[in-house]
1. Sticking with the crude label model, points 7 Å out along Cα→Cβ, report the distance from ILE220 to LEU167 in nm, one decimal please.
2. Long-range amide H contacts for ASP107: which residues qualify at under 5 Å (H placed 1.01 Å from N, peptide plane, sequence gap of 5 or more or a different chain)?
3. Hey, got a sec? Which GluC sites (Glu not before Pro) in the range 70-179 land in a DSSP loop and have at most 11 other Cβ atoms within 10 Å?
4. By a straight-distance test (C-alpha under 20 Å), which aspartates and glutamates pair with LYS221 as possible cross-link partners, with residues fewer than eight away in the same chain excluded?
5. Would you give the gap between the C-alpha center of the range 104-159 and the C-alpha center of the range 191-219, rounded to a whole Å?
6. If I stretch the segment between ALA115 and ALA238 completely, what's the gain in nm (0.36 nm per residue apart, minus their alpha carbon distance), one decimal?
7. When the accessible area of the chain is computed with all protein chains present and a 1.4 Å probe, what percentage of it is carbon and sulfur?
8. Would you mind putting 97-103, 207-213 in packing order, based on average other-beta-carbon counts within 10 Å, highest first?
Amino acid sequence: MDSPSQPEPVEQVSNKQPANGRTSDRPAYAKIRQMNRGSYDQNLAFSILDAGLIGHLGFLAEDRAMVIPMVYARKEHTLYIHGASTTRIVKSQKDGAPVTMAVTLLDGLVVARAAFHLSMNYRSAVVHGTARQVNSDAEKEEAMAAITDHMLPGRWDESRPMLAKELKATGILAVEIEHVATKVRSGPPADDEEDLELEIWAGVLPVATAIGQPLADQYIKPDQPVPASLQAAKRKFA
């Protein structure tokens, strides 16, 4: 695999300072160890979060480190994370609990001549923040609307209103974003110069997330049109 200590000039890296203060003010857990792929660019981090569909949330429960994939949405400096009200990830997180969430977008497999330099093109964002349970029905609805429209833009207005029992069964964590960090790799493989003349194929195998054709359930009438939110999702995640 690509050596993390080997600089790769093909990578696109932002060196902007974090929006929430100087790099030196960041706690150790929120610092990037190798900066050749990293940045603290908040706008870049937010763009990755907004383009992702699944976030892996890390938290502590019963003195164990836990990581669970979750659906989410971002509203300014808050992440809303959805789970049933009875789930451990919601019930165990007291207000003020520290959490970390990572989102990664895979753009390609980087095929090098040497297996040591095999790599991936990707964009990743890591968020450190403080969680709180959302208890008010109004904020729950606001969070659910944000999460729904993150996946399918405009779907909230196409759906029927939430029932009281559904609100009660819904658990929402709000994570106030305190620190962000990104890592990005793009471009061709970083083979050693002496290997470039070898007759071994090298390059990039693109990887894309694609939204397929809608498959209606058995209750949809043949002449019922496909809602606008599905086409909006197709455009968003193209």
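The values are calculated or read from the model by the stated rules, or taken from the named source; none is laboratory data. Remember, predicted model here, so these are calculated numbers, not experimental data. Here the Cβ is made from the backbone with ideal geometry for all residues, glycine too, and neighbour counts use every protein chain on show. The accessibility values were calculated without ligands, DNA or RNA, using every heavy atom of the protein model including side chains. Shrake-Rupley method; radii C 1.70, N 1.55, O 1.52, S 1.80 Å.
1. 3.0 nm
2. ASN121, TYR122, ARG123
3. On the way: sites: GLU76, GLU139, GLU141, GLU142, GLU158, GLU166, GLU176, GLU178; in loops: GLU76.
Counting only loop positions with at most 11 other Cβ atoms within 10 Å, the GluC sites (Glu not before Pro) in the range 70-179 are GLU76.
4. Filter leaves GLU158.
5. So the separation of the two Cα centres works out to 21 Å.
6. Result for the pair: 41.2 nm of gain on full extension.
7. About 57 percent, which is the carbon plus sulfur part of the accessible surface.
8. 97-103, 207-213
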